[in-house]
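Have a look at the structure below before the remarks.
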């Protein structure tokens, strides 16, 4: 299978959504970013590259209905104007996957190259698995992706992991990195309270050494991924959209 450059051949812009660890809302932020772009009228694809724990089908309520092949191409789901492909759409929901690195890379290449994406996509948003590994290497080295958005909470543990992730992305050739500080605060009795301690968003960004960042509060509607609510919330959409 020949290598291709995603930026040139699948979408005008390709962005990885990454995190140092799981549980920080990375997949949810990837979905919100895709919604933000689609609402602007841009043509957007969302690839769930987390083979072991695909979350995108759950967020968009996509069932594994045996996605058919058309002209030897996988057919992506289209929700809210977003073209979506995920391992979770191709395997029974309760089936676990135990693959070594080469199989992971092969599957990512299969979904990228053998999905019937639109020919004139403006953005390919790629939700990557937590940490750094084979899939990130494949996306950067084989497909020329050089932009990522890191997602973290203000937790010291999450920050320490995302610092390592940022360094790994730099080593993989990522030249444009921004940050979403998710669950940054919760509003309680009219006061914004940081549930992870006293580290401010500015301090988080300074520790991670990233200049471009936004903060997203802990909100029930986002946690439960209420698509209709997200599409109506211009503050959230404009906030994440400012990173691109």
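For (1) out of contact with any strand residue (DSSP E or B) (no Cβ under 7 Å at 6 or more places or on another chain); (2) surrounded by 24 or more Cβ atoms within 10 Å (Cβ to Cβ); (3) in a strand (DSSP E or B); (4) at pLDDT below 95, each residue gets a yes or a no:
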| position | (1), (2), (3), (4) |
| --- | --- |
| 2 | yes, no, no, yes |
| 8 | yes, no, no, yes |
| 13 | no, no, yes, yes |
| 23 | yes, no, no, yes |
| 27 | no, yes, no, no |
| 34 | no, yes, no, no |
| 42 | no, no, no, no |
| 45 | no, yes, yes, no |
| 51 | yes, no, no, yes |
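Identify, by number, the condition in (1) closer than 17 Å to residue 174 by Cβ; (2) touching a helix residue (DSSP H, G or I) at 6+ places or on another chain (Cβ under 9 Å) that residue 161 doesn't meet.
For residue 161, the failing item is (2).
Return the total of residues in the range 108-123 being assigned to a helix (DSSP H, G or I) and either within 17 Å of the chain's Cα centre (by Cα) or farther than 14 Å from residue 86 by Cβ (or both).
5
Going through 107, 111 one at a time, which residue ends up being touching a strand residue (DSSP E or B) at 6+ places or on another chain (Cβ under 6 Å), farther than 22 Å from residue 208 by Cα and crowded, with 17+ Cβ neighbours inside 10 Å?
111
Could you list, in sequence order, the residues of the range 61-74 that are in a loop (DSSP other than H, G, I, E, B), farther than 18 Å from residue 92 by Cβ and at pLDDT 75 or above?
72 - this is the single residue of the range 61-74 that is in a loop (DSSP other than H, G, I, E, B), farther than 18 Å from residue 92 by Cβ and at pLDDT 75 or above.
Sort out which residues of the range 118-141 are over 19 Å from residue 164 (Cα atoms) and crowded, with 18+ Cβ neighbours inside 10 Å, and write them in order of number.
Correct list: 121, 123, 124, 125, 126.
I need the full set of residues from the range 217-235 which are part of a helix (DSSP H, G or I), without any contact (Cβ under 8 Å) to a residue 24 or more places away in the chain and surrounded by fewer than 14 Cβ atoms within 10 Å (Cβ to Cβ), in order please.
220, 228, 232, 234, 235
Filter the range 169-185 for residues that are surrounded by fewer than 18 Cβ atoms within 10 Å (Cβ to Cβ) and out of contact with any helix residue (DSSP H, G or I) (no Cβ under 6 Å at 6 or more places or on another chain); which is farthest from residue 123 (Cα to Cα)?
Among them, the one singled out is 171.
Does the range 190-216 hold any residues that are in contact with a helix residue (DSSP H, G or I) (Cβ under 8 Å, 6 or more places away or on another chain), free of Cβ contacts under 8 Å to residues at least 40 places away in the same chain and surrounded by 11 or more Cβ atoms within 10 Å (Cβ to Cβ), and which are they?
Answer for the range 190-216, where residues must be in contact with a helix residue (DSSP H, G or I) (Cβ under 8 Å, 6 or more places away or on another chain), free of Cβ contacts under 8 Å to residues at least 40 places away in the same chain and surrounded by 11 or more Cβ atoms within 10 Å (Cβ to Cβ): 213, 214, 215.
Would you list the strands (runs of 3 or more DSSP E) that sit entirely within the range 131-191 and hold 2 or more residues that are farther than 18 Å from residue 243 by Cα and more than 16 Å from the chain's Cα centre (by Cα)?
Once the strands (runs of 3 or more DSSP E) in the range 131-191 are filtered for at least 2 residues that are farther than 18 Å from residue 243 by Cα and more than 16 Å from the chain's Cα centre (by Cα), what remains is 186-188.
Name the residues in the range 108-131 that are modelled with pLDDT under 95 and within 28 Å of residue 158 (Cα to Cα), would you?
Answer for the range 108-131, where residues must be modelled with pLDDT under 95 and within 28 Å of residue 158 (Cα to Cα): 108, 129, 130, 131.
Checking residue 91 against (1) within 20 Å of residue 27 (Cα to Cα); (2) in contact with a helix residue (DSSP H, G or I) (Cβ under 8 Å, 6 or more places away or on another chain), only one condition comes out false. Which one?
(2)
Which ones in the range 80-104 are surrounded by 13 or more Cβ atoms within 10 Å (Cβ to Cβ) and assigned to a loop (DSSP other than H, G, I, E, B)?
80, 81, 90, 91, 97, 99
The values are calculated or read from the model by the stated rules, or taken from the named source; none is laboratory data. Note that the coordinates shown come from a computational prediction; the quantities given were computed from them, not determined experimentally. Glycine gets a Cβ as well: all are built from the backbone with ideal geometry, and neighbour counts include every protein chain shown.
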